[in-house]
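Worksheet: the structure to be examined is printed underneath.
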Amino acid sequence: MAVDIKKYSVTRNACKLCTPLGAALAFSGIENSVPLLHGSQGCSTYIRRYMISHFKEPVDIASTNFSEETAIFGGGLNLKRALDNIITQYKPGMIGVATTCLSETIGDDVPMILRDYKAGKKLEDLPAIVHVSTPSYRGTHADGFHNAVRAIVDTLLPVSEDSRYTGEDTTGSSKLVNIFPEMVSPEDMRYMKEIISSFGLKGIMLPDYSERLEGALWFEFKRIQEGGTKLSDIRKMPSASGSLEFGRILAKGESAGRVLKERFNVPLYNLGLPIGVNETDRFISALNEITGVETPDAIKKERDRLIDSYVDGHKYVSQARAIVYGEEDLVAGIVSFLTEIGIKPVLCASGAKSGLLESVLKDINPDFDKSNALIMSGADFVEIEEIAGRLKPDIIIGHSKGYSVARKLNIPIVRVGFPIHDRFGGSRILHLGYRGAQQLFDRIVNTIMENRQEASDVGWSYI
Amino acid sequence: MEAINILEERKKSIFEKGKENHELSCDKVSLAGSVSQRACVFCGSRVVLYPIADAIHLVHGPIGCAAYTWDIRGALSSGPELHRLSFSTDLSETDIIYGGEKKLEAALDELIDEYKPKAAFVYSTCIVGIIGDDVESVCKKVSQKKGIPVIPVHSEGFKGTKKDGYKAACHALFKLTDREPAQGISKCSINILGEFNIGGEAWIIKDYYKRIGVEVVSVMTGDGRVDEIGRSHGAALNVVQCSGSMTYLAKLMEEKYGIPYIRVSYFGIEDMSAALYDVAAFFKDNLKIMDKTKTLVREEINKIYPALLEMRKDLTGKKAALYVGGTFKAFSLIKALRHLGMDVVLVGTQTGSPEDYKLLKELCDEGTIILDDANPLELSKYIIEKGADLFIGGVKERPIAYKLGLGFCDHNHERKIPLAGYSGMLNFAKEVYDTVMSPVWKLTPRMEKNGR
Ligand code: SF4
Ligand code: SF4
């Protein structure tokens, strides 16, 4: 159901971030890469700061540092200088160039500038350079993320090399599978890789910032933190037995998985973010299909324990009313999970406006219409607060920026997704798979329980 | 260890006392391709104006600039909290093509009707400077319509550095002065400029001045109110902290209202005391003020000194690296750290002027590294070389410090703990102590390797 609320021209407490942030995050998941924002300095400094507060790790994002003259005469020279400087200082394997509102508005032709730049150099001296157009007045950080992932595949795997790939396994014993995991946590990424290898597959995850954005301490200074998808692995993607791409909204548009399918005939498995039993089952059966192998015991047992706990805990959450917000695909995944445990999502909100959220939610749950849940696209937190006030939910599920709403309305919040700015350990929140569902379930049950315990006159010590 | 190359153009911005003798090159825009710790013009304006709690702050531009600055600073208010909301015109593609003036006007109308603020600030971000919206005239129009000041802040990110943002903010503030009658203001009265009430610091400082018998007419801008700023022209003296941002306003007020100004800092024992004594000396006709100041300083120092000495025992000889916004703060911190027995091995600032750096060179010990607008590579290089135990900086520097296995203290606008005044000095010492003396460092690779 759409929401009936006065629409403002102004956005108050945004429930979205700008596109270059997503692109910078995706680029950070490539080994030995440096993200470079083409525009003025503030954008990259703010974005770094925002990401650092979540990941609690160094995040280097370079900027082409526009000045007034650059804005008038164009950013070509700055971009070229920036590339030179990054190459000398970082010796990167890849530079990911994302535009900002400024360079887009003045109309810099980045592909042309890059061609020009490369023309003057010896190709073997240059790192891979990937460009993605990310004006923030078009889309949100989620789009920036997806577009950057697609740009990496698109640029590094040009059509002309088609003939080289036969679709056959080139790595010996284990089959290759590509996995595009969405904007998930480092912990999610590690777990996905674990599952994939337990099927005897070699997974190529793009991007993979599980190490770079949650790594160990250093002995000495590191220009670029370790970890990330290897460029050499990306080059193997066309020969994979399949691509698993998370995100039901993403599936409706252009995507990296689709590029691989169209160019190299790599079978594409469009899956929702595997949150909860149902969506994870779909993910696991895709793996069964690709490998022809039975689900490993350890995973089956995780599923069994999860369902056992669903039964043990169902009464505490049954019919509870929840508000969910965040990136559209995350909202879809969480809603799928909530629906299977008996929680009623009364408001599903996102700052994005793909126009697809409602239909995707219906795809996941055919009974969605009957639930009377409100769906809000292009939402901001002041609007969410206003509606939440009317809906009187029991719980709020989303990232840290909803805390102000939770506090005002005195409703407990369970933090998921990005950013987690007001709590510790955002990188280690597990959302995906049976294990992720287990953690989410435990946290949600306990949050509701704690709330009731606190509110109780007797403060019982057994449940 | 792998050597870290310093970019040729950057060499002039780094100085090691006792070794080199070039003028420090500063005050220019950062190099293309560097990962600078600096922000933009808009950031400078936001920092200064944002604590005004009964005004709305509308960021005119695409969403990011507003989203990333939503409630990021710990500037407290004792009343309204409009400054904690993030408002953006959230320009979309059609606005970029056809102009954002209509949307801006609608946004202002809505916000003013809904929140009934005393004033509105409209921050222009980068693309507004490109698409050519006439922000000035929209503001004028809405101001007439709604009967409150609606002030454009020219803070397009690319049109200069953070310093230019400060200047734009000073212009905006200046427009708010002389809007209220200045009757009933004491002869011994001041405005406090450049104090943003992080963690309640302005309240601490105001209380000191009150106790020595000096009236505080307005604080710009900590716990700030539009009407208070409107009376600020009635004060006898402007006391400027954070000189980098607010000296410009002090000069404007001196020219127009004949209010002289002095520069102070509220960090550390010496500087805090000087800030009180200097004000007392200014009101020398009122002897009571000086007497009360002496008593206050004595009492306050006595309160914190034993605890400081206790911590000093363990901290003596530990090494600190500083990376802060302005040089004035750097001076205070160097002195404060010396009180704790610590050596300062690196000082960097984002926006120092050539004069500032000269003073800094004089104040520092031999071998201290001085940097302008440093990047993470350079900071790390020198932290390791100098074997620092503590890093003082902003949130962006924290992970580097931690990765390298050294303590960290946040001395920026985002912290929640007051570090100004005497009680703030004690908080600062505790912060330093808690991080430097933590046993976790023993487990870090760097320490294990060094056998410490
Ligand atoms: S100008 Fe655009 S890219 Fe830069 S912070 Fe603002 S929204 Fe993001
Ligand atoms: S767009 Fe301009 S004003 Fe906004 S953050 Fe970026 S540099 Fe600053």
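The values are calculated or read from the model by the stated rules, or taken from the named source; none is laboratory data. Predicted, not measured: the structure shown is a model, and the values here were computed from it. Note: ideal-geometry Cβ built from the backbone for every residue, glycine included; neighbour counts use all protein chains shown. Protein only, heavy atoms only, side chains kept; ligands, DNA and RNA dropped before computing areas. Shrake-Rupley method; radii C 1.70, N 1.55, O 1.52, S 1.80 Å.
Residue pairs exceeding 25 angstrom between C-alpha atoms, taken from B:Lys163/B:Lys396; B:Lys329/B:Lys358; A:Lys230/A:Lys261; A:Lys7/B:Lys396; A:Lys202/A:Lys222; A:Lys16/B:Lys141: A:Lys7/B:Lys396; A:Lys202/A:Lys222; A:Lys16/B:Lys141.
Within the shell defined by Cβ-Cβ distances under 9 Å, the residues around A:Pro274 carry a net charge of -1, with Lys and Arg each +1 and Asp and Glu each -1.
One quarter of the surface of the convex hull around the alpha-carbon atoms of chain B equals 22.8 nm², the direction-averaged projected area. Evaluated with a Cβ-only charge set (Lys, Arg +1; Asp, Glu -1), the stretch A:321-463 carries a dipole of roughly 260 debye about its Cα centre, given to the nearest 20. For chain A, the alpha carbon positions stretch 75, 55, 46 Å along the principal axes, listed from largest to smallest. Taking every residue in A:57-63 and counting other chain Cβ atoms within 10 Å of its Cβ, the average works out to 6.
Applying the Karplus relation 6.51 cos²θ - 1.76 cosθ + 1.60 with θ = phi - 60° to the stretch A:352-367 yields 3J(HN,Hα) values of 7, 9, 6, x, 10, 4, 4, 5, 5, 4, 6, 4, 5, 10, x, 8 Hz, where x marks Gly and Pro. Per residue of peptide B:125-135, the mean number of Cβ atoms on other chains within 10 Å of the residue Cβ is 4. Cα gyration tensor of the protein assembly as shown, axes a ≥ b ≥ c as square roots of the eigenvalues: rounded (a/c below 1.5), prolate (a/b > b/c) or oblate? Since a/c reaches 1.5 and a/b is larger than b/c, the shape of the protein assembly as shown is classed as prolate.
Taking label points 7 Å from Cα along the Cα-to-Cβ direction, B:Gln183 and B:Glu270 give a separation of 4.7 nm. Beta bridges from DSSP with both residues in the protein assembly as shown: antiparallel share about 10 percent, rounded to the nearest 5.
When only the heavy atoms of the protein chains count and the probe is 1.4 Å, how do B:Trp441, A:Trp460 rank by accessible area, highest first?
Numbers: B:Trp441 35, A:Trp460 85 Å².
Greatest to least solvent exposure: A:Trp460, B:Trp441.
Restricting attention to the stretch B:189-298, lysine pairs at least eight places apart or on different chains and with alpha-carbon atoms under 26 angstrom apart total 15.
Name the shape class, rounded, prolate or oblate, that the alpha-carbon gyration tensor gives for the stretch B:41-174, where a ≥ b ≥ c are the square roots of its eigenvalues, rounded holds for a/c under 1.5, and otherwise prolate holds if a/b is larger than b/c and oblate otherwise. The shape class here is rounded.
For the stretch A:28-49, a drop of 20 Å² or more in accessible area on going from the chain alone to the assembled protein chains (1.4 Å probe) is found at A:Ser40, A:Gln41, A:Gly42, A:Thr45, A:Tyr46, A:Arg48, A:Arg49.
The apolar share of the surface of the stretch A:19-156, taken as the fraction of accessible area on carbon and sulfur atoms (1.4 Å probe, ligands and nucleic acids excluded), comes to 50 percent. Suppose every Lys and Arg Cβ carries +1 and every Asp and Glu Cβ carries -1, with no other charges. What dipole size does the stretch A:287-331 come out with about its Cα centre, to the nearest 20 debye? The dipole magnitude comes to about 320 debye. 3J(HN,Hα) couplings calculated from phi for the stretch A:403-409 with the Karplus curve 6.51 cos²θ - 1.76 cosθ + 1.60 (θ = phi - 60°) are, in sequence order, 4, 4, 5, 4, 5, 4, 8 Hz; Gly and Pro show x.
Can you give the angle from 0 to 90° between the axis of helix A:41-55 and the longest principal axis of chain A, with both taken from C-alpha atoms, to the nearest 10? Tilt relative to chain A: about 40 degrees.
Here the stretch B:36-78 is scanned for amide nitrogen atoms under 15 Å from the site 7 Å beyond the Cα of B:Lys175 along Cα-to-Cβ, giving B:45-46, B:49-50, B:55-60.
If R0 is taken as 45 Å, the Cβ-Cβ distance between A:Glu69 and B:Asp365 corresponds to a FRET efficiency of 0.65. Taking all protein chains into account, the per residue accessible area for the protein assembly as shown stands at 37 Å² (1.4 Å probe).
Roughly how many debye, to the nearest 20, is the charge dipole of chain B about its Cα centre, given +1 on each Lys and Arg Cβ, -1 on each Asp and Glu Cβ, and no other charges?
With Lys and Arg at +1 and Asp and Glu at -1, about 940 debye.
A:Tyr316 exposes around 70 Å² of accessible area when a 1.4 Å probe is run over every protein chain in place. When the accessible areas of B alone and A alone are added and the area of the pair subtracted, with a 1.4 Å probe, the result is around 6000 Å², both sides summed. For A:Ile307, the accessible area of its heavy atoms, probed at 1.4 Å with every protein chain present, is near 60 square angstrom.
The mean number of Cβ atoms from other chains found within 10 Å of a Cβ in peptide B:154-161 is 5, as a whole number. Label-to-label distance for B:Ser438 and A:Arg235 is 4.2 nm, based on points extended 7 Å past Cα in the beta-carbon direction.
The fraction of accessible area contributed by carbon and sulfur in the stretch A:300-455 is 48 percent, rounded to a whole number (1.4 Å probe; ligands and nucleic acids excluded).
Of the solvent-accessible surface of chain B, computed with a 1.4 Å probe and all protein chains present, 51% belongs to carbon and sulfur. Please state the shape class of the stretch A:176-297: rounded when a/c is under 1.5, otherwise prolate if a/b exceeds b/c and oblate if not, all from the C-alpha gyration tensor. Note, shape of the stretch A:176-297 comes out prolate. The helix-based estimate of mean residue ellipticity at 222 nm for chain B, built from -39,500 (n - 2.57) per DSSP H run of four or more residues and divided by its residue count, is -14000 deg cm²/dmol to the nearest 500.
Counting only heavy atoms of the protein chains and using a 1.4 Å probe, B:Cys43 has close to 10 Å² of accessible surface.
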